[in-house]
1. How many nm is it between the label spots at His180 and Glu98, if each spot is 7 Å from the Cα in line with the beta carbon?
2. Count neighbours as other Cβ atoms within 10 Å of each site's Cβ, and list the GluC sites (Glu not before Pro) in the stretch 64-161 that are DSSP loop with at most 16 such neighbours.
3. Of the chymotrypsin sites (Phe, Trp or Tyr not before Pro) in the stretch 153-195, which ones lie in a loop per DSSP and count no more than 14 other C-beta atoms within 10 Å?
4. Once you place label points 7 Å from the Cα toward the Cβ at Arg62 and Gln255, how far apart are they in nm?
5. Top to bottom by accessible area (1.4 Å), largest first, where do Phe110, Phe182 land?
6. When a/c is below 1.5 the answer is rounded, else prolate if a/b is larger than b/c, else oblate, so apply that to the stretch 151-255 with a ≥ b ≥ c taken from the square roots of the Cα gyration tensor eigenvalues.
7. When the accessible area of the stretch 129-204 is split by element with a 1.4 Å probe, what percent falls to carbon and sulfur?
8. Say the dipole of the stretch 79-223 comes from +1 at the beta carbon of Lys and Arg and -1 at that of Asp and Glu; which of Phe134, Pro189, Ile202 then lies farthest toward its positive end?
Amino acid sequence: MKGSIQASASSGKDGAMHGSPSPQDFNLLTPAQVRELPQNSDTHALKVMLEWVEDFIAKPRRERDLSDPDSRVAVCPFMPGSLKMGLTWFALARGPVESPDDVIRIVESFKGPLKVLPPTSGKNAKFKTIIIVFPMVSRDMAPDFIDGVHARVSGEYKSDALMLGEFHEENQKHGQYNSHFFPLQSPVPAMAIRLMVARDSIFLTADAGDPLKTLENLKAYVKAIPLMEPPPGNVEEMMRILAEKIDDIEKRARQVSPDADGDDVPSGLEGDDVASAGEGEESS
(Lines give C-alpha, C1' and ligand atoms only; values in the text may rest on other atoms or scores of the structure.)
Protein backbone atom coordinates (compact mmCIF):
# COMPACT_ATOMS: atom_id res chain seq x y z
CA MET A 1 0.00 0.00 0.00
CA LYS A 2 1.28 3.46 -0.77
CA GLY A 3 0.60 7.05 0.09
CA SER A 4 -3.09 7.30 0.69
CA ILE A 5 -3.27 5.06 3.74
CA GLN A 6 0.09 5.65 5.40
CA ALA A 7 -0.53 6.09 9.11
CA SER A 8 2.14 8.64 9.94
CA ALA A 9 0.13 11.85 9.84
CA SER A 10 1.49 14.58 7.60
CA SER A 11 1.67 18.21 8.63
CA GLY A 12 -1.35 19.17 6.62
CA LYS A 13 0.44 22.32 5.39
CA ASP A 14 -0.88 22.00 1.86
CA GLY A 15 -4.41 21.79 3.16
CA ALA A 16 -3.83 24.82 5.38
CA MET A 17 -2.68 26.80 2.36
CA HIS A 18 -6.02 26.26 0.67
CA GLY A 19 -8.17 26.84 3.73
CA SER A 20 -9.30 24.30 6.30
CA PRO A 21 -7.38 21.02 6.43
CA SER A 22 -9.04 17.93 5.00
CA PRO A 23 -8.84 14.27 6.08
CA GLN A 24 -6.69 13.58 3.01
CA ASP A 25 -4.02 15.96 4.38
CA PHE A 26 -3.53 13.46 7.21
CA ASN A 27 -3.93 10.26 5.18
CA LEU A 28 -7.34 9.55 6.67
CA LEU A 29 -10.03 7.64 4.83
CA THR A 30 -13.79 7.98 4.94
CA PRO A 31 -15.91 4.81 5.08
CA ALA A 32 -16.75 5.27 1.39
CA GLN A 33 -13.06 5.46 0.51
CA VAL A 34 -12.30 2.34 2.54
CA ARG A 35 -14.96 0.43 0.63
CA GLU A 36 -13.43 1.53 -2.70
CA LEU A 37 -9.88 0.38 -1.85
CA PRO A 38 -8.54 -2.53 -3.93
CA GLN A 39 -8.58 -5.81 -2.03
CA ASN A 40 -5.30 -6.94 -0.50
CA SER A 41 -4.01 -8.01 2.91
CA ASP A 42 -3.64 -4.44 4.17
CA THR A 43 -6.92 -3.05 2.92
CA HIS A 44 -8.71 -6.18 4.11
CA ALA A 45 -8.02 -5.14 7.71
CA LEU A 46 -9.55 -1.71 7.09
CA LYS A 47 -12.60 -3.18 5.37
CA VAL A 48 -13.17 -5.72 8.15
CA MET A 49 -12.89 -3.02 10.81
CA LEU A 50 -15.29 -0.73 8.96
CA GLU A 51 -17.83 -3.53 8.64
CA TRP A 52 -17.55 -4.29 12.38
CA VAL A 53 -18.01 -0.62 13.31
CA GLU A 54 -21.05 -0.19 11.07
CA ASP A 55 -22.74 -3.54 11.78
CA PHE A 56 -21.91 -3.98 15.47
CA ILE A 57 -20.68 -0.85 17.25
CA ALA A 58 -23.19 1.45 15.57
CA LYS A 59 -26.16 -0.90 15.95
CA PRO A 60 -28.35 -1.85 18.92
CA ARG A 61 -27.59 -5.22 20.54
CA ARG A 62 -29.99 -6.93 22.90
CA GLU A 63 -27.14 -8.03 25.20
CA ARG A 64 -25.89 -4.46 25.67
CA ASP A 65 -28.41 -3.89 28.44
CA LEU A 66 -30.32 -6.95 29.64
CA SER A 67 -32.59 -4.78 31.77
CA ASP A 68 -33.84 -3.12 28.57
CA PRO A 69 -33.55 -5.72 25.79
CA ASP A 70 -35.83 -3.73 23.47
CA SER A 71 -33.62 -0.66 23.59
CA ARG A 72 -32.72 0.90 20.28
CA VAL A 73 -29.52 2.43 21.65
CA ALA A 74 -26.39 1.44 19.73
CA VAL A 75 -23.53 -0.43 21.40
CA CYS A 76 -21.74 2.92 21.25
CA PRO A 77 -24.45 5.59 21.29
CA PHE A 78 -21.95 8.07 19.92
CA MET A 79 -21.12 6.13 16.74
CA PRO A 80 -24.30 6.41 14.62
CA GLY A 81 -24.12 10.21 14.72
CA SER A 82 -20.44 10.22 13.84
CA LEU A 83 -21.02 7.98 10.82
CA LYS A 84 -24.11 9.86 9.67
CA MET A 85 -22.28 13.19 9.76
CA GLY A 86 -19.27 11.84 7.88
CA LEU A 87 -16.96 12.47 10.82
CA THR A 88 -15.57 8.95 11.21
CA TRP A 89 -12.17 8.41 9.59
CA PHE A 90 -9.92 5.35 9.28
CA ALA A 91 -6.15 4.98 9.06
CA LEU A 92 -3.98 1.93 8.53
CA ALA A 93 -0.96 1.81 10.82
CA ARG A 94 2.25 1.17 8.93
CA GLY A 95 5.48 -0.18 10.39
CA PRO A 96 7.64 -0.35 12.15
CA VAL A 97 5.39 -1.53 14.95
CA GLU A 98 7.92 -3.46 16.97
CA SER A 99 7.05 -2.25 20.47
CA PRO A 100 4.21 -0.57 22.38
CA ASP A 101 6.13 2.70 21.98
CA ASP A 102 5.57 2.47 18.23
CA VAL A 103 1.82 2.21 18.81
CA ILE A 104 1.97 5.26 21.09
CA ARG A 105 3.89 7.21 18.45
CA ILE A 106 1.42 6.37 15.70
CA VAL A 107 -1.69 7.14 17.72
CA GLU A 108 -0.11 10.35 19.02
CA SER A 109 0.40 11.54 15.45
CA PHE A 110 -3.37 11.75 15.00
CA LYS A 111 -4.16 13.91 18.04
CA GLY A 112 -3.40 17.11 16.15
CA PRO A 113 -5.43 16.19 13.06
CA LEU A 114 -8.44 15.27 15.20
CA LYS A 115 -8.43 18.73 16.76
CA VAL A 116 -7.85 20.80 13.61
CA LEU A 117 -10.12 18.97 11.19
CA PRO A 118 -13.42 20.80 10.77
CA PRO A 119 -15.72 21.27 12.50
CA THR A 120 -13.56 22.64 15.32
CA SER A 121 -16.47 24.15 17.24
CA GLY A 122 -20.21 23.82 17.57
CA LYS A 123 -22.40 20.88 18.44
CA ASN A 124 -21.14 18.64 15.62
CA ALA A 125 -17.45 18.86 16.55
CA LYS A 126 -17.90 16.25 19.27
CA PHE A 127 -18.67 13.55 16.67
CA LYS A 128 -15.17 13.49 15.14
CA THR A 129 -13.52 10.06 15.44
CA ILE A 130 -10.31 8.54 14.09
CA ILE A 131 -9.90 4.75 14.09
CA ILE A 132 -6.33 3.49 13.59
CA VAL A 133 -6.08 -0.16 12.54
CA PHE A 134 -3.06 -2.31 13.51
CA PRO A 135 -3.22 -5.55 11.49
CA MET A 136 0.43 -6.35 12.30
CA VAL A 137 -0.39 -6.68 16.01
CA SER A 138 -1.06 -10.37 16.65
CA ARG A 139 -3.43 -11.81 19.23
CA ASP A 140 -0.48 -12.59 21.51
CA MET A 141 0.88 -9.05 21.18
CA ALA A 142 -2.43 -7.27 21.79
CA PRO A 143 -2.38 -7.27 25.63
CA ASP A 144 0.88 -5.26 25.60
CA PHE A 145 0.52 -3.33 22.35
CA ILE A 146 -3.15 -2.36 22.73
CA ASP A 147 -4.31 -2.78 26.34
CA GLY A 148 -0.89 -1.88 27.73
CA VAL A 149 -0.67 1.28 25.66
CA HIS A 150 -4.16 2.31 26.71
CA ALA A 151 -3.26 1.87 30.38
CA ARG A 152 -0.08 3.93 29.93
CA VAL A 153 -1.40 6.95 28.05
CA SER A 154 -5.20 7.16 28.38
CA GLY A 155 -4.87 9.44 31.41
CA GLU A 156 -2.87 11.96 29.35
CA TYR A 157 -5.49 11.86 26.62
CA LYS A 158 -8.32 12.42 29.11
CA SER A 159 -6.55 15.45 30.58
CA ASP A 160 -6.36 16.81 27.02
CA ALA A 161 -10.14 16.30 26.60
CA LEU A 162 -9.66 13.25 24.38
CA MET A 163 -10.99 9.72 24.76
CA LEU A 164 -8.83 6.78 23.71
CA GLY A 165 -10.40 3.43 22.87
CA GLU A 166 -8.67 0.05 22.63
CA PHE A 167 -9.97 -2.85 20.54
CA HIS A 168 -8.85 -6.41 19.82
CA GLU A 169 -10.21 -9.96 19.84
CA GLU A 170 -9.35 -10.76 23.45
CA ASN A 171 -10.31 -7.45 25.11
CA GLN A 172 -11.81 -8.31 28.51
CA LYS A 173 -13.49 -5.01 29.36
CA HIS A 174 -17.19 -5.68 29.78
CA GLY A 175 -20.12 -3.43 29.06
CA GLN A 176 -21.44 -0.90 31.53
CA TYR A 177 -24.82 -2.63 31.79
CA ASN A 178 -23.87 -6.28 31.27
CA SER A 179 -20.75 -7.87 32.75
CA HIS A 180 -20.99 -10.71 30.21
CA PHE A 181 -20.95 -8.42 27.18
CA PHE A 182 -17.55 -7.47 25.72
CA PRO A 183 -18.13 -4.68 23.19
CA LEU A 184 -14.43 -3.92 22.58
CA GLN A 185 -13.64 -7.31 21.06
CA SER A 186 -12.96 -6.32 17.47
CA PRO A 187 -11.85 -8.62 14.63
CA VAL A 188 -8.72 -6.52 14.05
CA PRO A 189 -6.57 -4.70 16.64
CA ALA A 190 -7.27 -0.98 16.61
CA MET A 191 -7.24 2.18 18.67
CA ALA A 192 -9.65 5.09 18.34
CA ILE A 193 -9.49 8.68 19.47
CA ARG A 194 -12.31 11.18 19.76
CA LEU A 195 -13.08 14.40 21.58
CA MET A 196 -14.31 14.08 25.15
CA VAL A 197 -17.89 15.22 25.77
CA ALA A 198 -19.78 16.00 28.95
CA ARG A 199 -21.58 12.67 28.73
CA ASP A 200 -18.26 10.88 29.30
CA SER A 201 -18.64 11.77 32.97
CA ILE A 202 -20.51 8.46 33.38
CA PHE A 203 -17.24 6.66 32.59
CA LEU A 204 -14.77 8.99 34.26
CA THR A 205 -16.58 9.49 37.55
CA ALA A 206 -17.45 5.82 38.03
CA ASP A 207 -15.60 3.78 40.65
CA ALA A 208 -12.73 2.14 38.76
CA GLY A 209 -12.17 -0.39 41.56
CA ASP A 210 -8.78 1.13 42.34
CA PRO A 211 -8.89 4.44 44.30
CA LEU A 212 -5.76 5.66 42.55
CA LYS A 213 -7.28 4.98 39.12
CA THR A 214 -10.53 6.64 40.14
CA LEU A 215 -8.62 9.71 41.33
CA GLU A 216 -6.69 9.78 38.05
CA ASN A 217 -9.94 9.76 36.07
CA LEU A 218 -11.48 12.47 38.23
CA LYS A 219 -8.41 14.68 37.90
CA ALA A 220 -8.34 14.20 34.13
CA TYR A 221 -12.03 15.06 33.80
CA VAL A 222 -11.62 18.26 35.82
CA LYS A 223 -8.70 19.33 33.60
CA ALA A 224 -10.70 18.53 30.47
CA ILE A 225 -13.86 20.46 31.37
CA PRO A 226 -12.58 23.86 30.15
CA LEU A 227 -11.43 22.25 26.88
CA MET A 228 -14.70 20.53 25.96
CA GLU A 229 -16.62 21.74 22.92
CA PRO A 230 -19.42 22.32 23.62
CA PRO A 231 -18.75 22.81 27.35
CA PRO A 232 -20.82 20.93 29.94
CA GLY A 233 -24.08 22.67 30.69
CA ASN A 234 -24.18 22.44 34.47
CA VAL A 235 -20.62 22.93 35.67
CA GLU A 236 -21.51 23.78 39.28
CA GLU A 237 -23.51 20.57 39.72
CA MET A 238 -20.72 18.56 38.13
CA MET A 239 -18.16 20.10 40.48
CA ARG A 240 -20.34 19.19 43.45
CA ILE A 241 -20.58 15.56 42.33
CA LEU A 242 -16.84 15.35 41.76
CA ALA A 243 -16.09 16.85 45.16
CA GLU A 244 -18.38 14.30 46.84
CA LYS A 245 -16.61 11.45 45.05
CA ILE A 246 -13.22 12.76 46.15
CA ASP A 247 -14.40 12.95 49.77
CA ASP A 248 -15.66 9.37 49.55
CA ILE A 249 -12.34 8.11 48.17
CA GLU A 250 -10.44 9.92 50.95
CA LYS A 251 -12.66 8.33 53.60
CA ARG A 252 -12.10 4.88 52.13
CA ALA A 253 -8.35 5.48 52.00
CA ARG A 254 -8.32 6.41 55.69
CA GLN A 255 -10.25 3.25 56.52
CA VAL A 256 -7.50 1.22 54.86
CA SER A 257 -4.82 3.22 56.69
CA PRO A 258 -6.36 4.50 59.98
CA ASP A 259 -3.25 6.51 60.87
CA ALA A 260 -3.27 8.42 57.61
CA ASP A 261 -4.14 12.09 57.71
CA GLY A 262 -5.26 14.13 54.74
CA ASP A 263 -1.70 14.57 53.47
CA ASP A 264 -1.25 10.80 53.19
CA VAL A 265 -4.23 10.25 50.92
CA PRO A 266 -3.04 9.31 47.40
CA SER A 267 -2.45 12.53 45.51
CA GLY A 268 -4.31 13.27 42.33
CA LEU A 269 -7.16 15.70 42.86
CA GLU A 270 -7.50 18.29 45.61
CA GLY A 271 -10.45 20.46 46.46
CA ASP A 272 -8.70 23.54 45.07
CA ASP A 273 -8.34 21.77 41.72
CA VAL A 274 -12.08 21.20 41.57
CA ALA A 275 -12.84 24.78 42.49
CA SER A 276 -10.40 26.25 39.99
CA ALA A 277 -11.74 24.06 37.20
CA GLY A 278 -15.24 25.25 37.89
CA GLU A 279 -14.16 28.89 37.96
CA GLY A 280 -12.28 28.46 34.69
CA GLU A 281 -15.30 26.98 32.96
CA GLU A 282 -17.62 29.72 34.17
CA SER A 283 -15.25 32.41 32.90
CA SER A 284 -14.74 30.80 29.48
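1. 4.5 nm
2. Details: sites: Glu98, Glu108, Glu156; in loops: Glu98.
Loop-located and lightly packed - Glu98.
3. On the way: sites: Tyr157, Phe167, Tyr177, Phe181; in loops: Tyr177, Phe181.
Sparse-neighbourhood loop chymotrypsin sites (Phe, Trp or Tyr not before Pro): Tyr177.
4. According to this spin-label approximation, the distance is 3.9 nm.
5. Details: Phe110 0, Phe182 65 Å².
Sorted descending by solvent-accessible area, the residues read Phe182, Phe110.
6. Numbers: a/c = 2.02, a/b = 1.34, b/c = 1.51.
Oblate.
7. Details: 1650 of 3110 Å².
Here it works out to 53 percent.
8. Ranked along the dipole, the leading option is Ile202.
The values are calculated or read from the model by the stated rules, or taken from the named source; none is laboratory data. All values derive from a computational prediction rather than experimental measurement. Glycine gets a Cβ as well: all are built from the backbone with ideal geometry, and neighbour counts include every protein chain shown. These area figures cover heavy atoms from the full protein model, side chains too; ligands, DNA and RNA do not enter into them. Shrake-Rupley method; radii C 1.70, N 1.55, O 1.52, S 1.80 Å.
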